[in-house]
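Structure record follows, encoded as C-alpha cells.
The values are calculated or read from the model by the stated rules, or taken from the named source; none is laboratory data. Keep in mind the model is a prediction, meaning the values are calculated, not measured. Please note: Cβ atoms are built from the backbone with ideal geometry, for glycine as well, and neighbour counts cover all protein chains shown. The accessibility values were calculated without ligands, DNA or RNA, using every heavy atom of the protein model including side chains. Shrake-Rupley method; radii C 1.70, N 1.55, O 1.52, S 1.80 Å.
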There are 4 protein chains.
Amino acid sequence: MHLTPTAAGVFPIAPTPFAADGSLDWASAERLFAWYDGLGADGTTVLGIMGEAPKLEPEESLGIVKAAVAGMPGKPVIVGVSAPGFAAMRRLARDAMEAGAAAVMIAPPPSLRTDDQITGYYAQAIEAIGADIPFVIQDFPLTLSVIMTPAVIRRIVMDNPSCVMLKHEDWPGLEKISALRRFEADGSLRHISILTGNGGLFLDFEMERGADGAMTGYAFPEMLIDTVALQKAGRRDDAHDLFDAHLPLLRYEQQPGAGLAVRKYTLMRRGILASDAQRKPGAGLTPAAKAEVDYLLARLARKDARAAL
Amino acid sequence: MHLTPTAAGVFPIAPTPFAADGSLDWASAERLFAWYDGLGADGTTVLGIMGEAPKLEPEESLGIVKAAVAGMPGKPVIVGVSAPGFAAMRRLARDAMEAGAAAVMIAPPPSLRTDDQITGYYAQAIEAIGADIPFVIQDFPLTLSVIMTPAVIRRIVMDNPSCVMLKHEDWPGLEKISALRRFEADGSLRHISILTGNGGLFLDFEMERGADGAMTGYAFPEMLIDTVALQKAGRRDDAHDLFDAHLPLLRYEQQPGAGLAVRKYTLMRRGILASDAQRKPGAGLTPAAKAEVDYLLARLARKDARAAL
Amino acid sequence: MHLTPTAAGVFPIAPTPFAADGSLDWASAERLFAWYDGLGADGTTVLGIMGEAPKLEPEESLGIVKAAVAGMPGKPVIVGVSAPGFAAMRRLARDAMEAGAAAVMIAPPPSLRTDDQITGYYAQAIEAIGADIPFVIQDFPLTLSVIMTPAVIRRIVMDNPSCVMLKHEDWPGLEKISALRRFEADGSLRHISILTGNGGLFLDFEMERGADGAMTGYAFPEMLIDTVALQKAGRRDDAHDLFDAHLPLLRYEQQPGAGLAVRKYTLMRRGILASDAQRKPGAGLTPAAKAEVDYLLARLARKDARAAL
Amino acid sequence: MHLTPTAAGVFPIAPTPFAADGSLDWASAERLFAWYDGLGADGTTVLGIMGEAPKLEPEESLGIVKAAVAGMPGKPVIVGVSAPGFAAMRRLARDAMEAGAAAVMIAPPPSLRTDDQITGYYAQAIEAIGADIPFVIQDFPLTLSVIMTPAVIRRIVMDNPSCVMLKHEDWPGLEKISALRRFEADGSLRHISILTGNGGLFLDFEMERGADGAMTGYAFPEMLIDTVALQKAGRRDDAHDLFDAHLPLLRYEQQPGAGLAVRKYTLMRRGILASDAQRKPGAGLTPAAKAEVDYLLARLARKDARAAL
C-alpha cells in the first residue's frame, strides 16, 4: 500500500519505547501500535524527530517499522528517513518500503538557506531514494532552522510527482496553509495532503484553514481524532470546546526538548509504555515537572474522562 | 526612583501606538499607560522587542519613556536599550534615566555563543552605561539565539551589583527558575527579581516555581495581574481556572512574528489603541486571522466578562 | 556627485581612527583620506563593518563622512548605513548625502533567510531612504549569514533603479561574478559595478572574472590599485607577481575579528594612523601577533619597497 | 597501535576516491595511501569532513579504514566518527579500531551552544564509544558553528583521559594555540598533541605558536611535511619561503565548499586519483576554475619542481 495525496485524518507520531536500561522495549511498541489502531488512528509515523531515530541501530529502526506495519494492519505507516547522507537515507527508505511502509518523510538539513538549495536538496534526495517511493515534506523551521515559503513547497511538489503530503509545522503557520490551498484553487499546485504538527497547538484553527488532519505525538491521540472529526462534521464549537479542555496539558507537552519526556511520562501513566525512559542522551522529568503533569491530568479529567488515571 | 531586586508583580510590555500613516499616536500612548496604571499594573516596560524600538527616531524613543513616566506616576518604568553599539546604548540609557526611568533592560546580541562572551558582553555594557543604572537581563533564546545557563546568569548577577532583575523567557524555562532559586537558597546567588515573558504561556506554573511576576504584553493584563495575585494568595486552582480560560487566546497571540499584530488588534478592539497599525516593516492580520481572534474573544467572554466587547 | 553603475577602481574601506583614550582622532582621519587621495584611490567607503560604525555617536558618524568628502575632493564617498531599523537608516542616509556622499551601502540583517525576505528587505529599505539615493548591495555571507544567489541579486538590481553597485564578498565567490556577468550578457541584468571585498584575498582572479575593482581595507591600498591597473592593462603575470608578494601579509590580515587590529597596527606603523586603538569593545594585537606582522612586513619589503618601514 | 599525546608531524586528510559513476575507486585509494606513506607522512585521517563520509555505506566506510591501515603499515590511522546519534558513532568507532585504526575523531554537532553543552556532549560520546579508544577533538567553528574556548577544550581534555589530540581549525586560531600551551606551562592542562587544519592557511605561524604538525588535505602534502620539518629544525625563513611559494594555490584550495573539488582535481592532475569525481551531491570545477588551478600550478612549478606536471 502506497500513501496517496488523499490521505487524511490523524497519524500519531510514535515515540520509540525503551526499557530503563536503554534496550528497546518491543512489548510496549506492540502495545502502542495496537492502541493507535484501536483508537481509530488513520496511520502512524515512526522514526520522526520525536522517535529518537538517530539513537537507533539500523536493525532496531527496521524493527520499529515492522512493528508498526504489523500493529496497524491495512493502515499506512510513514517512516522518517532524514539522514546526513543520501547513502543512509536510500538504504533505510528502501528497506522500510520492503518491510511494508507506505511512504517516507524527509526533513531538510539545517544548513540549507536559499530557495534553490532547498528545492535542489529534495531533487537529489528523490533521485537517491528513487521516484517510486511516496514521500512527505517535513516543514519544521523552529527545530530545523530551514524556512520554506509556500512557493518553495509548491516547486518541490510540482517538480516531484512522488510527493504526496506536507507535514506542516511552521510556526506561525495558519497563513501558510491558506496560501497553499489558494495555490491549489488557482491551479498552480496539485492537491497534496496537509497534516499538521507542532504538537497540535493550533489544530483547532488549522482544520478550518484547510488541513486534512494531524501528524503529531500528543499523548491523547483521542483528542486529535475527535477534534479532526468534529471539524470535518462542521461542529466548530464542539471541536473548540474539546480542544480547549486539553490545551493546558497540550501546551505543557509542547516544550522544545522537554516535550518528549512529558509525552513518554503521560503514556506511561496511561499504561501504554512500560517506562518513560529515553535512550541516552536524553533527560527525564524532574519531580516538580512530574507533579505538574499529574496536576494537569487531574484537572483535565474533570472535563474529559479519558484522562482519569 | 530606581528599580530594586524586590520588584514584583506585573509589568506590561507596552506596544508603541502608531496611526495608520505610521506617525506616532501620542494620544493612544497616553491612554495606554493610564489604563495600565488603573488596572493595577506594578510598572511597565517600554521599547522592548514588542515595542518596535528599532523603528523609532531617538526623540520618539525618549517621548515614549516620558509618556510612560507621566502616565504611571510613582511606578517604575523599565526601558529597553539593546543596541548594536555601546554608544547608542549609553545615550539612550542615560537619557531615559534622566527622564525618570527606573531601570534599563539589555538583551545580548545574537552573535554571542560562549559563556565568556556573554558575561564579557554584560561587563562591557555596564561599563558603557555606568554602574549607577539598575539593569534587567533579558534572557530570550528563541528570538535572540543566545543561550544563558543558570550559572552564566549567576555570574552576570554576582559580577554586576547594578543587576536587579531577570526577564525570564527561556523556553522551556520552568527548571531554570527552580535552578536560580536553588542558587539563592544555597547562598551562591544574591536575590534578584524574576519576571517572566513568553507572552505568559507558562505563567501559571512559573509563579509556583518562584517567579515574582510577569513582564509580557498579553492584551489582557488584567488576567496576568489576577493570576499573579491568586498564586501569591495560595489560591492555586482559582489561578489555573482563570489562566486556562484565557489560554486559547493567549496561545494564539504567542506566535512569533504574528503576535504583535494580534496584540495590537485586540487592544484596538478593546478601545485602548486607536489603530492596530505597525510602522513599516510590519504585517497586519489577514481577514481570516481577525475573524479567528474575534471568535476567540467571543468564546473568552463567556468565561471572563472583561472580554465582552 | 552621485555614484553610477560605471564606477570602477579601488575604494579603500576606511577604518575609523581613535586615540588611545577612545576619542575620535580627527587628525589621523584627515591624514588617512588625503593619503588615499594621493595614492590614486578612486573613492572611499566609510562606516562599513570595518569602520566600527555601531560604536559611533550620530555626530561622529557624520563627521567621518564630512572628513572623507573634504579629503578626497571630486571623488565619490560611499557611506555604510546598515542599521537595525529604517528610521536610523533613513536619517543617516539623508544626512550623509546632504554632506556630500555619493551613495550609501546596505547590508541585509542576519535574520533574513528566504529569497523573498531578502528582496523584500531591500524594497523596504529603498522606500525608507528614498529612491533618489544611489545604493550599494553588500553581499557578505561569512559575516552576515545571509546567502544571496545571483538570481536574488538580479531581482534587487532590476527592481530598484537606484542600485548602482554590488560589494561582492561571498566566499567562495568567483563563480558568482561570472554568473552575474553572464546575466548581463544575456540581457536579463542591467550593468552594475562590482567591487570585491574579502580583504582582497581573491582579487587576482576576481578581476579576470569581471570585477571592476576592489572595495576593501588592506593596509597597502597601493597593491590593490596596482593589481587592478595591471589586470586592466592585460598584464596578467605582473598582476599575479605583485599580488603573490603581498599574499602572506594579506592572508594574515584577513582573519575574522582580528583583521581590523592587524590593519590598524600596520597603518600605524606606516605613519598614517597615530594609534592602532579600537573603541571598546575591541581587542588589540598581542605582542606575539605584532611580532608576526613585523616579520611579514620585513619579508614583504624585500619584494615591495613600499613595505620598508 | 593506539594514538598517544606525543603524536606529531603531518597526517594528510584523505579524500575518498570515486569513479565517474560514483562507485568507490579502490585502486586510487590504495595508490593514495601508498603515496602518503612514501612521502613521509606520519599517519593519515580518513572519513573526515573532506572525506565525503556521510555519502558512504557502512561497508564502504570500513573499507576505507582498512585500505588506510594496509597502505600505511606501522603508522596511525585516525577515523572520523562524527554522527548524529551515538549508536552509529559507537559502531563505527569500535569497528574501525578492530580494523586497526589508532584513534577516532569527534566533532561537536552544530546545535551545541553553551560551555556545558559542549563538555557534556563529549562526556556522553566517550561513554558511548568506550573510554578505551583514543580520541581527537575537532574544533572547527567556521563549518560547525560551535565555539570552544581554550577553557572548554581544557575541561574536555582533563575530564577524559582518552583524549590525545586536538585538531585545531579555529579561525583565527593562533592565540588559541598559545593559550593552550600556556595552560600546559602553568600545569592546568596535561600535554596533548595539536595538529592544525584550515587547509594549512596559517601553518607557517602555527608551528611557531606551538603546534605539533598539520592535519589537513592540501594537495601537496610534501609542502606541509617540509614546512613542519623546517620549523622544527629552526629554519624559520626557509619554512616561510617554501610556504609562501605554495600560498597562492593553497589559498585557492581553501575555499569552503569548492575546496574539495580543487583538491581532487589537483590530485588527479598529479596522477594520484584516477578521477576528480565526487559522489552526489557535490559539484565539480567549472572550466574557468580548472584553468585557474592550472595557471596556479604552472606558476608554482617555477618555485617548486614538484608542481611541474
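What to note about this one:
- log₁₀ of I(q)/I(0) at q = 0.23, 0.31, 0.32 Å⁻¹ - the stretch D:197-238, Debye sum with one point per alpha carbon: -0.69, -1.21, -1.27
- For the stretch D:228-244, the Karplus equation 6.51 cos²θ - 1.76 cosθ + 1.60, evaluated at θ = phi - 60°, returns couplings of 4, 5, 4, 5, 5, 7, x, 8, 4, 4, 4, 4, 5, 4, 5, 4, 4 Hz by residue, with Gly and Pro reported as x.
- Ranked from shortest, the separations from the 7 Å Cα-to-Cβ label point of C:Asp238 to its equivalents in the other copies are 3.6, 8.9, 9.1 nm.
- For the rotational copies D and B, the chain D residue with its Cβ nearest the relating axis, together with that separation in Å, is D:Asp115, 2.
- The relative contact order of the stretch D:36-148, computed from alpha carbon pairs under 8 Å that lie at least 6 residues apart in sequence, is 24 percent.
- Estimated FRET transfer efficiency (B:His191, A:His2; beta-carbon r; R0 51 Å; 0.05): 0.25
- Each of C:Ala289, C:Thr44, C:Phe18 was scored by the projection of its Cα onto the charge dipole of chain C, and the greatest displacement toward the positive side belongs to C:Ala289; charges sit on the C-beta of Lys, Arg, Asp and Glu.
- Buried on assembly, the stretch A:108-146 (at least 10 Å² less accessible surface than by itself, 1.4 Å probe): A:Arg113, A:Thr114, A:Asp115, A:Asp116, A:Gln117, A:Gln124, A:Glu127, A:Leu142
- For the Cα trace of the protein assembly as shown, dividing Rg by the Kirkwood Rh returns an Rg/Rh value of 0.95.
- Charge dipole (debye, nearest 20) of the stretch D:130-224; +1 at Cβ of Lys and Arg, -1 at Cβ of Asp and Glu: 260
- Spread over its residues, the convex hull of the C-alpha atoms of the stretch D:94-184 is 96 Å³ per residue.
- Cα-Cα over 18 Å, subset of A:Lys55/D:Lys280; A:Lys176/B:Lys290; B:Lys167/C:Lys280; A:Lys176/B:Lys55: A:Lys55/D:Lys280; B:Lys167/C:Lys280; A:Lys176/B:Lys55
- Its Cα centre serving as origin, the protein assembly as shown has a Cβ charge dipole (Lys and Arg +1, Asp and Glu -1) of approximately 0 debye.
- Relative contact order (percent, whole number), chain B, Cα cutoff 8 Å, 6+ residue spacing: 20
- Basic side chains Lys and Arg get +1 at the Cβ, acidic Asp and Glu get -1 at the Cβ, and with that the dipole of chain C about its Cα centre reaches some 260 debye.
- Other-copy label distances relative to B:Arg190, 7 angstrom Cα-Cβ extension, nm: 4.1, 6.2, 6.8
- GNM result for chain A, Cα springs below 10 Å: residue of A:Pro134, A:Pro172, A:Pro108 fluctuating most strongly: A:Pro172
- In units of the compact-protein estimate 2.2 N^0.38 Å, chain D shows a Cα radius of gyration of 0.95.
- All C-alpha pair distances within the stretch A:1-135, sorted into 10 Å bins from zero, spread as 12, 43, 33, 11, 1 percent across the bins.
- Protein accessible area in chain A, 1.4 Å probe - carbon and sulfur %: 56
- Computed with a 1.4 Å probe over protein heavy atoms only, the accessible surface of the stretch D:26-126 comes to 35 Å² per residue.
- Semi-axis lengths, largest first, of the ellipsoid equivalent to the stretch C:7-48 are 22, 11, 5 Å, with √(5λ) applied to each eigenvalue of the Cα gyration tensor.
- 7 Å along Cα→Cβ, label-point gaps from D:Asp294 to other copies, nm, shortest first: 4.6, 7.1, 7.7
- Eigen-decomposition of the gyration tensor built on the alpha-carbon atoms of the stretch B:225-276 gives equivalent ellipsoid semi-axes of 26, 13, 8 angstrom, largest listed first.
- Rough spin-label spacing in nm, given labels placed 7 Å along Cα→Cβ, for D:Arg182 and D:Ser162: 3.2
- Cα-Cα pairs of the stretch B:61-220 separated by more than 21 Å (percent): 46
- Shielded by partner chains, the stretch B:27-67 residues - at least 50 Å² of accessible area, 1.4 Å probe, vs chain alone: B:Pro54, B:Glu57
- Under the simplified labelling scheme, the D:Asp241-C:Trp26 pair shows an inter-label distance of 5.1 nm, with each label point 7 Å from Cα along Cα→Cβ.
- Rg followed by Dmax, in Å, when the stretch B:191-265 is reduced to its Cα trace: 12.0, 38
- Per-residue mean of foreign Cβ neighbours for A:252-261 is 3 (Cβ atoms of other chains, 10 Å radius).
- Listed residues D:Arg270, D:Arg155, D:Arg235, most fluctuating in chain D (Gaussian network, C-alpha, under 10 Å): D:Arg235
- Shielding by partners, peptide A:212-222 (average Cβ within 10 angstrom, other chains): 0
- Average Cα contact separation per residue, the stretch D:111-193, under 8 Å, 6 or more apart, as relative contact order %: 32
- The contact between chain D and chain C removes approximately 3000 Å² from the accessible area (both sides summed; 1.4 Å probe; ligands, DNA and RNA excluded).
- Estimated inter-spin distance, A:Glu98 and A:Ala288, nm [label 7 Å along Cα→Cβ]: 5.1
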